[in-house]
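Let me begin by presenting the structure, written as structure tokens, before commenting on it.
The values are calculated or read from the model by the stated rules, or taken from the named source; none is laboratory data. Since we're looking at a predicted model, the values are computed, not measured. No Cβ is skipped: glycine too gets one built from the backbone with ideal geometry, and neighbour counts run over all protein chains shown.
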Amino acid sequence: MRRASIGTAVITFLWAWLTVSVETSIVFRFPQPASSVNPLLVATLSSALFVAPEYGVGFAFICGLMSDIALGNAVGLRSIPLVLCAAVVGMAQDKLSREHPVTWMLLGVMGSLLHDLVYFSILGLVGYLPLLYDQLIKTAAVSALANGILSFVCLLPAYLWWRTRTRSFPDRLD
């Protein structure tokens, strides 16, 4: 294994740990509308868009697994929806405009809806769905709105970092 691969793995693990820590220790303590924010989803979208699709899927898996362990959930309850969202963004990456903020907001909204649909489906399959369907729809709608706004706010610094990192300058002026 190369030295750069080990460094990337350590940085990925630390970012995942920080994101999961923020979600499990801060976001879950907010009142109901604000607790619908999903920082793991926004971090997954950021890594899939601005680093690499494969990195985004791996980051989503690590974040979901760490979140499941931290919350005492069944393993896979959070990682399956996050990996699915990262995979969809990775597959559609050629068709997306990374440089447009509306794309970020739409990804936040659509990713949140996809995440909630898969998450609630898994909860239903295992027999633990504590909410009624009208409450699920309301929760998913509020979550989609909150994650759309959060995506715009949080993906802007990620975009600026990506833009400065990928900018190439000509060797000479013609």
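Those residues that are within 15 Å of residue 27 (Cβ to Cβ) and of a type in the set (Gly, Ala, Ser), I need them from region 65-87; list them, please. Result: 67, 70. Of everything listed in (1) surrounded by 14 or more Cβ atoms within 10 Å (Cβ to Cβ); (2) more than 23 Å from residue 140 (Cβ to Cβ); (3) not polar (S, T, N, Q), the single unmet condition for residue 18 is (1). Residues in region 86-107 that are surrounded by fewer than 15 Cβ atoms within 10 Å (Cβ to Cβ) and of a type in the set (S, T, N, Q): 93, 97.
When the residues of region 116-145 are filtered to those that are in contact (Cβ under 8 Å) with a residue 40 or more places away in the chain and more than 18 Å from residue 35 (Cβ to Cβ), the one that is farthest from the chain's Cα centre (by Cα) is 126.
Selection of first residues in region 28-54 that are at pLDDT below 90 and of second residues that are outside any helix (DSSP H, G or I) and surrounded by fewer than 18 Cβ atoms within 10 Å (Cβ to Cβ), restricted to Cβ pairs under 6 Å at least 6 apart or on distinct chains, gives the following pairs, ordered by first then second residue: 49/98.
Quick grid of which residues meet (1) out of contact with any Leu (no Cβ under 6 Å at 6 or more places or on another chain); (2) in a loop (DSSP other than H, G, I, E, B); (3) over 26 Å from residue 9 (Cβ atoms):
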position: 59; (1), (2), (3): yes, no, no
position: 66; (1), (2), (3): yes, no, no
position: 88; (1), (2), (3): yes, no, no
position: 98; (1), (2), (3): no, yes, no
position: 104; (1), (2), (3): no, no, yes
position: 107; (1), (2), (3): no, no, no
position: 117; (1), (2), (3): yes, no, yes
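Scanning region 69-81 for residues that are more than 15 Å from the chain's Cα centre (by Cα), in a helix (DSSP H, G or I) and at pLDDT 90 or above turns up at least one hit. Among the residues of region 64-96, those identified as of a type outside the set (A, V, I, L, M) and touching a residue at least 40 places away in the same chain (Cβ under 8 Å) are 67, 76, 78, 81, 85, 90, 93.
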